[in-house]
Structure formats: structure tokens, C-alpha cells
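Some notes on the structure that comes next.
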């Protein structure tokens, strides 16, 4: 019983699917940096607009499924924004006029701006992550890290194998919870609940470790980490598309920061 | 690449090696007793060796030793010698062994490394530094050899269990080893997938381009492929090494006494065996009891399917009565697990209803049927229980004794019982043959012990309805008989049992078979009627799989005891 939705995959060939993953990673990092170097909410707004354009035109991802997939994160961003606004220290600054006053609580303009900036940054992170990882499967990312940036095989493909175990862990977690409920174990009170979660985690980890051991053995049996230099079935080369992507991403980031606010 | 006699392109592989073991003995680090002991045999190049033995006989260790995982990857103590061709296993680096030897494991989900089929086949080649052109040539040919042409771009996780195992075989063929070691490659598969996998192995065996070592419970399918048989006892000692056609009455007796599966057709060899099955019939509940569970028009969409159009369960209705034992069968992905979860109320169907109730006592009409999703945890536990395919996922306690009493303790909470009362857990453990393990951690028990403990955990307050997901998975004949005997005991009080299983051998131990296909019920009737005309295509694997059937735990155990 899997609880994880299927990963988003490109449904049509597109520009970004032909860009190597590390180039997309560089582009994504540029936007990430641009969105956090200033507290002004207009910068992340510009980056989000650019990201939406890139998603629609060049990602090849199924556009109709994206809003549904981002909805939980959207809720998290909304609550993060609300709390950031409510708890902002600028609200205490009596020299600034309050925009909203509710009894003793007052909310100022700068607090709203700072809160929006926090929420919008998370939005930039979410959309750039989609642009970096969405257009190709994780295997290509591992290939790209190893072939283009010379990451160690053990790290890249080991992580990849661990990623394959993750959906099973999610399934095990659900199964373990079901088993406990069916056995009549329903913890009452926070202490019992904590103990229950601990026991559930332990059972899940035992299952995950056993699975990982089997997978590691299977990889060893096929000569992984045999001490010789691996070759690569699929060759990834840096092309003009990569450079174009990086240059455009940097230009967009610079424009987002430099254009008049 | 060369072309074989049939005109098909075949992959070059290393010449098939001989295997020579002399006094081979391996003890895993931290274990006091060897996993295998004193193996001494010589297998000629190009022959097929079938390794037989009960659970815990070290069959998998033999496979690991041939692939060099023992002693090069796993820690332990090695004695004696094992040679594969001219290579001495203990003295050859694992990487060199890996080029000559390929290993397929039992669990398809934990041996596929990559997420795309072509990457998966290339993985082993990459590890051996194959040039890219060679890989691009070999990958499609290897896939074609196992009938997976055109699957290159598929995700490995979207394949069926049988396709996954054939992919694992393609991985090996691509690397071109001379020795193929297959460690229960069909254990996780439904009968049709098992059949296809055996056909694949048979095709490989016919061309004699590889030496093959096959570890397999399913004797009826495996023995015809074998040239030689290595028989191990339950402590990993070699009982026999002989040509397969020499498996006569004595060998069958040896197998039976050692808890291996033996086809029913051969069982008459041991006098009086089949006659005793009649005794069990009386233990069956002759008339159906009161209604315990009713599921009506259930529909469940796959959780990962956002459009909600692909249904795991598509309009299933089923009524379950006290004392019934139902086999729930169907190919992988037919919806068996979804249906079990829906019956417990833990998975809310997208449409339809599930109603169930506790077992009524003789003198009362019983409680009304209730929606399990609305019951409190304590109330559910008295009404329905689920034993998972992997018992470890269901364990809640640190010792076997606590595991048995945990459920009863939770149910009795607040009824004035002493919290330290073990509720008779020790008696239950003794009955389940686990008395000596009362203080042992459940996670440290063997597979068979874990399975029995998962049943023992439900014995103090047995639920009215017991659901079991692949209850005999990974068990040898003795383990299976023990589980069935315990199920007989639990049922004596009127418990209804539903066994979701791939194993046709269990069908004769049930009164009713419910068969699912693509989320719908395609058959509901007696095992005899099911086996006469299985509602699947191809039907033969389902029909023939039962050739190994045991009629009931009690009978078979009585027979086995009598044969000692």
C-alpha cells in the first residue's frame, strides 16, 4: 500500500528535458540565492513569474497536475506567511503606522512586507526545485553529478538506491500504523503517543535496514564498488543548451534584483 | 555476438565452469553454529544443480558463497574450499568472481537498483567498465532474451513481479557470466508469473551455455530442469548429492522428513499418507455460521492515481460467515491487499460499505453489523485482525511474551485487571512452539518463528475475523503445516479466516475460493470448482501448482509424524 503519489514526469519533449541536470541545478541555485539576498517581496514575485513561464513553456511537465501537487505546500506557505506577519518585530515599532489594529495587536506595513517575502521565497524554492528535478528522473541527476562534476560513484548511486527504498518506507509506515491500531493499541495521552511513535519508527527502521542490506548485497553481487573505474551507459555532455540555460537564469536573477522596485 | 541454432542472436558469455566444494563450512559472525557444514561435491560444467532443503538449511548461503558475497562481503568464518572453474572463491576478489557469476535473489523489489529498465540492465556492465558501444549492443539483446523487448524506457517499479524477476535475469545475461545462481526466484510470484519465470529458466538450461544453480521450494517445477540435486538438512549439512533422476523413494522420504515440499503424486510412497487426510474433514465446520462481515459494492481507486479512474477494487461484494476459511487469490495487483485493508476499515473505500460484528455467543442474537471505521481501536481488535506478509511490521513489543499479551492488555485496560498479569501468555507461547523464546526480541526470531508469533499475538483474544496476507510466504512444508494447524485451532471457536495467497497448495485447506482479477471477483466457489477451471489465462499454472497440495495442516503433520 503506497501512500506516495507517483513522481511528476515530463509528458512531452521540451527544452529543459534536454538540458543536463547539473546545469539546471546551477540555474536553480542562482534563483535561490537571488530570492534570499533581499527582504523585498518584489524580487521573489518576479522570480515566481519567471519560473511559471519556464514551467509552462520549457519543462515538459503535465501542467494540469502541478497545482494539485503544490497545493499542500501552498497551504504551508500561507500559514508561514501569516505567522511571519503576526510575529514580526516591526509590529512593535510605534513609529510606523499600523495597517490593521485588533485590540492590543497591531500589524504594520513593513511586517506585512517581511512576512510576504518569507512566504514568497519558499514559493521560489518550490518552483525552482520543480524546474531542477522535474524534467528528468533522479538517475539522470546522479549520472550528471558523476560524469560532469566527478562526484564519487558510491555517493551518487548509493543515494539513488536509497531513494528507491523511500517509497517502501512510506508504505511500511502506513502498514505498521494499521497493524498497531488493529491490535487494539490506541495510545492515550502525549507520553503514550510519543512511545507509540517511537515503537513505530523503530519497526520502520528495522524494515528499512533489512531492505537496504538486501539491496546493498544485490549491488555488490553485480560488481558495484569493485574498485575499478565505472563506465557510463548514457553519456551526458555539456552542450550549448546548458550554457544558455545558465546564462538566462543568471540574467533573470540579476534583473529580478536590479530592476526598479 | 553469436547466433544460436535457432537463428537468434545470443550474448557471448564466459564458458560454463564446474563447481567443486570440499569440506565447505561457513559460520556467520555472531552465530555459534555454521550455516553450512561439510559440503563436498563436484558439479560438471553446463549442468543444472537443484539445491533442496528446509528453511534454515543454508540454501541461500550456498548461493552467496558461489557469488563470493561469502566470504568477501559478509563477515564470518570460512573453512574448506570452493572452486568455480579455475577460481578459488575464498582467494579471488569479489569483482573477478562477479564477472563469472550472476546471482538472482528472491525479492524482486530489493535487487533492482535503477529506476529505468535499460539503466538497470546496464548497471552491472557499467560496474565492470564495459565500453559504451558494447553496452548499447548488449542491453537490447539481453532484454529480448527474457521477452522484455520494448521495455527499455519503462520504470522498473511499474513492472509486475514476474517481469521484475525476468529483468533480474536479463541483468545477469547482459554481463555474460558462465555460472547463474538463482535463489528462489519465484517465491514472490503468482502462479502465472512463476510459470513464465520457470519457462525462462528452462530455456536457459536447454542451451547449456551456463552452469546453473537453482534454489527452489517448488519441486514439481524445478526437478524436471535439474541434472543434479544437492540435499541439505535443517542444520546445513549435506544429506545427499546425486543425479536428479536418482531421486527415488528413499530420497523422497528424506525430503519429507526434512520438511521440504514433495509433490502429492509422490506422497503415496510413504505408506498410509494420503489415507489419513480423511481424518481432517471432521474438523471442518460443516455448516456456515452467522454472518460476520459484509462488504457491498466496494470501489477503491489507486492512491497514486490522481485522476481516480484506475480502480484497485471495482465493485466487489462479499459476505463472510463464522467458521469459514476463504482463500483470496489473484495475480499480483488484482486488488487482494486493498480488499483486505478495506475490510478492516483502515482504508476507506471510495464507494460501497463494509459492515462487520463480533462473534455472537450461542445464546444470543449477536450485535448489529457495524462500520469498522467507526469502531474504537479496542473494539476493532475483538472483531477483525490482520496478519501481514512481513510479520515484523506488526510487532509492537520488545519480547515475545509481551507481544502475546499486548493486545489482551490493551483490551482489558480499565477493567480492573492487574497490569502485570501476563494473561496466560506463556501458555500461548508454549502452544505455538515458542515457549523457549519468551524473553527473546521478536525481531530476532527466524522467519517461521516470527510467523507463528504473529498468530500467537492474536490467540489470547482471537478476533472474530482473521485476515492473513500470504500467511505461508517463505515457509517450507513444516512451517506451512504448523501455521495451518494453528489456524485450525483458532477456527474451532468459530473464527472466520481469509487467506490472501499466491500459493495454490493452500486451496484444499480452505472451503471457499474467492478469485480477483483486475479489481473484480471472477470466481466465488469451492476449491475443487476453482481448480477444475481457474478463471485466469493461462489457467494451467494455477491448476498445476496444487500438485504439491497438503490437504490440511493436521493431516500432513500426522502423516509426517507417522513417517518418522
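The values are calculated or read from the model by the stated rules, or taken from the named source; none is laboratory data. Small disclaimer: the values here were computed from a predicted structure and weren't measured. Methodologically, a virtual Cβ is constructed for each residue, glycine included, from the backbone with ideal geometry; neighbour enumeration extends over all protein chains shown.
The table below lists the values:
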| item | result |
| --- | --- |
| Residue within the stretch B:70-84 that is crowded, with 20+ Cβ neighbours inside 10 Å, out of contact with any helix residue (DSSP H, G or I) (no Cβ under 8 Å at 6 or more places or on another chain) and in a strand (DSSP E or B) present | no |
| Residue list for the stretch A:135-144, filter: touching a helix residue (DSSP H, G or I) at 6+ places or on another chain (Cβ under 6 Å), in a helix (DSSP H, G or I) and either at pLDDT below 90 or within 21 Å of residue B:158 (Cβ to Cβ) (or both) | A:138, A:139, A:140, A:141, A:142 |
| Flag if residue B:117 is assigned by TED's automatic domain parsing to the domain that holds residue B:138, modelled with pLDDT of 90 or more and over 22 Å from residue A:212 (Cα atoms) | no |
| The lone exception for residue A:88 - which of (1) crowded, with 17+ Cβ neighbours inside 10 Å; (2) not assigned by TED's automatic domain parsing to the domain that holds residue A:56 it fails | (2) |
| Qualifying positions in the stretch A:160-195 - within 9 Å of chain B (Cβ to nearest Cβ), farther than 30 Å from residue A:145 by Cβ and part of a helix (DSSP H, G or I) | A:174, A:175, A:176, A:177, A:178, A:179, A:180, A:181, A:182 |
| Only one of B:493, B:515, B:438 that is touching a helix residue (DSSP H, G or I) at 6+ places or on another chain (Cβ under 8 Å), at negative phi and touching a residue at least 40 places away in the same chain (Cβ under 8 Å) | B:515 |
| Leading residue by the ranking (nearest to the other protein chains (Cβ to nearest Cβ)) among those in the stretch A:147-159 that are free of Cβ contacts under 8 Å to residues at least 12 places away in the same chain and under 20 Å from residue A:209 (Cβ atoms) | A:158 |
| Flag if residue A:127 is surrounded by 15 or more Cβ atoms within 10 Å (Cβ to Cβ), modelled with pLDDT of 85 or more, at negative phi and assigned to a helix (DSSP H, G or I) | yes |
| Yes/no for residue B:405 being at the interface with another protein chain (Cβ under 9 Å from one of its Cβ atoms), at pLDDT 85 or above and assigned to a helix (DSSP H, G or I) | no |
| Helices (runs of 4 or more DSSP H) wholly inside the stretch B:95-213 containing at least 1 residues that are within 21 Å of the chain's Cα centre (by Cα) and more than 14 Å from chain A (Cβ to nearest Cβ) | B:161-175, B:191-207 |
| Subset of the stretch A:220-234 (residues that are in a helix (DSSP H, G or I) and within 32 Å of the chain's Cα centre (by Cα)) | A:220 |
| Test: residue in the stretch B:466-486 that is within 13 Å of residue B:324 (Cα to Cα) and crowded, with 17+ Cβ neighbours inside 10 Å | yes |
| Qualifying position, being surrounded by fewer than 13 Cβ atoms within 10 Å (Cβ to Cβ) and out of contact with any strand residue (DSSP E or B) (no Cβ under 7 Å at 6 or more places or on another chain), among A:67, A:41, A:62 | A:67 |
| From A:250, A:202, residue being away from chain B (no Cβ under 14 Å) and surrounded by 14 or more Cβ atoms within 10 Å (Cβ to Cβ) | A:250 |
| Checking residue A:144 against (1) within 12 Å of chain B (Cβ to nearest Cβ); (2) closer than 18 Å to residue B:116 by Cβ; (3) surrounded by 13 or more Cβ atoms within 10 Å (Cβ to Cβ); (4) touching a residue at least 60 places away in the same chain (Cβ under 8 Å), the condition it does not meet | (1) |
| Condition broken by residue A:209, with the remaining ones in (1) within 30 Å of residue B:98 (Cβ to Cβ); (2) more than 8 Å from chain B (Cβ to nearest Cβ); (3) in a helix (DSSP H, G or I); (4) in contact with a helix residue (DSSP H, G or I) (Cβ under 9 Å, 6 or more places away or on another chain) satisfied | (4) |
| Pairs, first more than 18 Å from residue B:295 (Cβ to Cβ) in the stretch B:361-379, second in a helix (DSSP H, G or I) and modelled with pLDDT under 85, C-beta under 8 Å, six or more apart | B:377/B:410; B:378/B:410; B:378/B:411 |
| One residue from B:171, B:107, B:118 being buried (at least 24 other Cβ atoms within 10 Å of the Cβ) and closer than 30 Å to residue A:8 by Cβ | B:171 |
| Any hit, the stretch A:11-27, residues being exposed (fewer than 15 other Cβ atoms within 10 Å of the Cβ), within 14 Å of another protein chain (Cβ to nearest Cβ) and farther than 22 Å from residue A:116 by Cα | yes |
| Whichever residue in the stretch B:337-378 is at pLDDT below 85 and part of a helix (DSSP H, G or I) and, among such residues, is surrounded by the most Cβ atoms within 10 Å (Cβ to Cβ) | B:378 |
| Single condition residue A:103 does not satisfy, out of (1) more than 14 Å from chain B (Cβ to nearest Cβ); (2) at negative phi | (2) |
| Candidates B:366, B:333, B:323 - the one that is under 26 Å from residue B:301 (Cα atoms) and in the same structural domain as residue B:507 (by TED's automatic domain parsing) | B:333 |
| Residue B:182 being surrounded by 23 or more Cβ atoms within 10 Å (Cβ to Cβ) and at pLDDT below 85 | no |
| Number of the exception - residue A:245 against (1) part of a helix (DSSP H, G or I); (2) within 11 Å of another protein chain (Cβ to nearest Cβ); (3) farther than 27 Å from residue B:385 by Cα; (4) in contact with a helix residue (DSSP H, G or I) (Cβ under 8 Å, 6 or more places away or on another chain) | (2) |
| Meets criteria (at the interface with chain B (Cβ under 7 Å from one of its Cβ atoms), in contact with a helix residue (DSSP H, G or I) (Cβ under 9 Å, 6 or more places away or on another chain) and either modelled with pLDDT of 90 or more or within 28 Å of residue B:133 (Cα to Cα) (or both)) for residue A:233 | yes |
| Sole residue being within 14 Å of another protein chain (Cβ to nearest Cβ) and under 30 Å from residue B:526 (Cβ atoms), chosen from B:393, B:359, B:347, B:375 | B:347 |
| The listed residue being surrounded by fewer than 21 Cβ atoms within 10 Å (Cβ to Cβ) and at pLDDT below 85, out of B:246, B:221 | B:246 |
| Flag for residue A:119 being at pLDDT 85 or above, in a helix (DSSP H, G or I) and within 30 Å of residue B:344 (Cα to Cα) | no |
